[in-house]
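Nothing in this text is a laboratory measurement; each read-out follows from the coordinates by a stated rule. Worth saying up front: this structure is predicted, and the values here are computed from it rather than measured. In this analysis, Cβ positions are derived from the backbone assuming ideal geometry, glycine residues included, and neighbour counts consider all displayed protein chains.
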Amino acid sequence: MSSYKLIVVKDGFPVEVVQNPTDYPLIGRGGNGAVFKLSDEHCVKIYPNKAFARAESAALRVGQDSPAFPRLVKSGRKYVVMELINGTLLDEYLRDKGVLDEQITEQILFVLKELKRLRFSRRDARLRHLVLTEEGSLKVIDHVNSQTKHYKYPEKLLKGLDELGMKPAFLKQVKQRDPELYRKWKSK
């Protein structure tokens, strides 16, 4: 048995790590699970229940042909082993930089279009669920609710940009790149 299967987490926000008898360092926690670094290439997300693991695994399987998704390695009852994405969470990057450049807007639009192409019901992502990789591309993480929640527009994304004071700049850049999306989102 792989030793990461001995890690136990319980519900909470963020989830609580109850037991970690391994040497794998905790690198992140959220409402659905805790992530541990297995190697320079892989991580494991441990969930408090099997429904979360099943949902994330299913979403990652759907996204395997997209460059916007981490590669799925394997999954089990309460875990998912996947590609470790090295980079900076988009909310931290934007907060530090203080400005939203056009390349980031293009990457955000690409991710949202990928979610639509892949027929996800949740075509949205919180800024903290977007990772700007060292190569400059965005990867979307945390897919537990990607196929169960429904949004008509990227509500969480726009809210996060608004909180950073970057929503007007984003919408202006969207208007230049995709006037139809702009019309749908401008009053949101």
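Summing Cβ point charges (Lys, Arg +1; Asp, Glu -1) relative to the Cα centre of the chain gives a dipole of roughly 1020 debye. Values of log10 I(q)/I(0) for the stretch 147-187 across q = 0.30 Å⁻¹ run -1.05, by the Debye formula with one identical scatterer at each alpha carbon and no solvent. With the charge dipole of the chain set up from +1 on Lys and Arg Cβ and -1 on Asp and Glu Cβ about the Cα centre, the Cα lying farthest toward the positive end among the listed residues 100, 8, 42 is that of 8. When the charge dipole of the chain is built from unit charges on Cβ atoms (+1 for Lys and Arg, -1 for Asp and Glu) and taken about the Cα centre, the candidate among 59, 82, 127 whose Cα reaches farthest toward its positive end is 59. Dividing the Cα radius of gyration of the stretch 47-94 by 2.2 N^0.38 Å, with N the residue count, gives 1.27. Computed from the alpha carbon positions, the gyration tensor of the stretch 111-188 leads to an equivalent ellipsoid with semi-axes of 19, 16, 13 Å, biggest first. From the P(r) of the stretch 19-88, can you give the percent of Cα pairs sitting at distances over 16 Å? In whole percent, the long-distance tail amounts to 46.
Give the value in nm², to one decimal: projected area of the alpha carbon convex hull of the stretch 66-161, averaged over all directions.
Values: hull surface 25.6 nm².
Answer in nm², one decimal: 6.4.
In the structure shown, the pairs 50/113; 5/116; 116/156 are assessed against 23 Å; a Cα-Cα span above that value is assigned to 50/113; 5/116. For a paramagnetic label modelled at 7 Å from the Cα of residue 95 toward its Cβ, which residues of the stretch 104-130 fall within the zone defined by backbone nitrogen distances under 17 Å? Those under the cut-off are 126-130. I want to check the label-to-label distance for residue 51 and residue 66. Put each point 7 Å from Cα in the C-beta direction and report it in nm to one decimal. Rounded to a tenth, the inter-label distance reads 2.3 nm.
Which residue fluctuates most in the GNM of the chain (Cα springs below 10 Å): 22, 133, 105? Comparing 22, 133, 105 in a Gaussian network model of the chain, the most mobile one is 22. Taking every alpha-carbon pair under 8 Å whose residues sit at least 6 apart, the chain reaches a relative contact order of 16 percent.
At a threshold of 8 angstrom on Cα-Cα distance, excluding pairs fewer than six apart, so keeping six or more, what relative contact order does the stretch 1-110 reach in percent? If you can, show how the numbers build up before the last one.
Values: 173 pairs, mean separation 19.2, N = 110.
Value for the stretch 1-110: 17 percent.
Between the stretch 26-44 and the stretch 126-188, the alpha-carbon centres lie 24 Å apart.
Site pair residue 153 and residue 117 shows an inter-label distance of 2.4 nm when each label is modelled 7 Å from Cα along Cα→Cβ.
At a Cα cut-off below 16 Å, give the lysines reachable from residue 97, other chains included and same-chain residues fewer than 8 away excluded. Output for residue 97: 167. The simple spin-label model puts a point 7 Å past each Cα toward its Cβ; for residue 103 and residue 186 those points are separated by 2.9 nm.
The Rg/Rh ratio of the chain, with both radii computed over alpha carbons and Rh defined as the Kirkwood radius, is 0.98.
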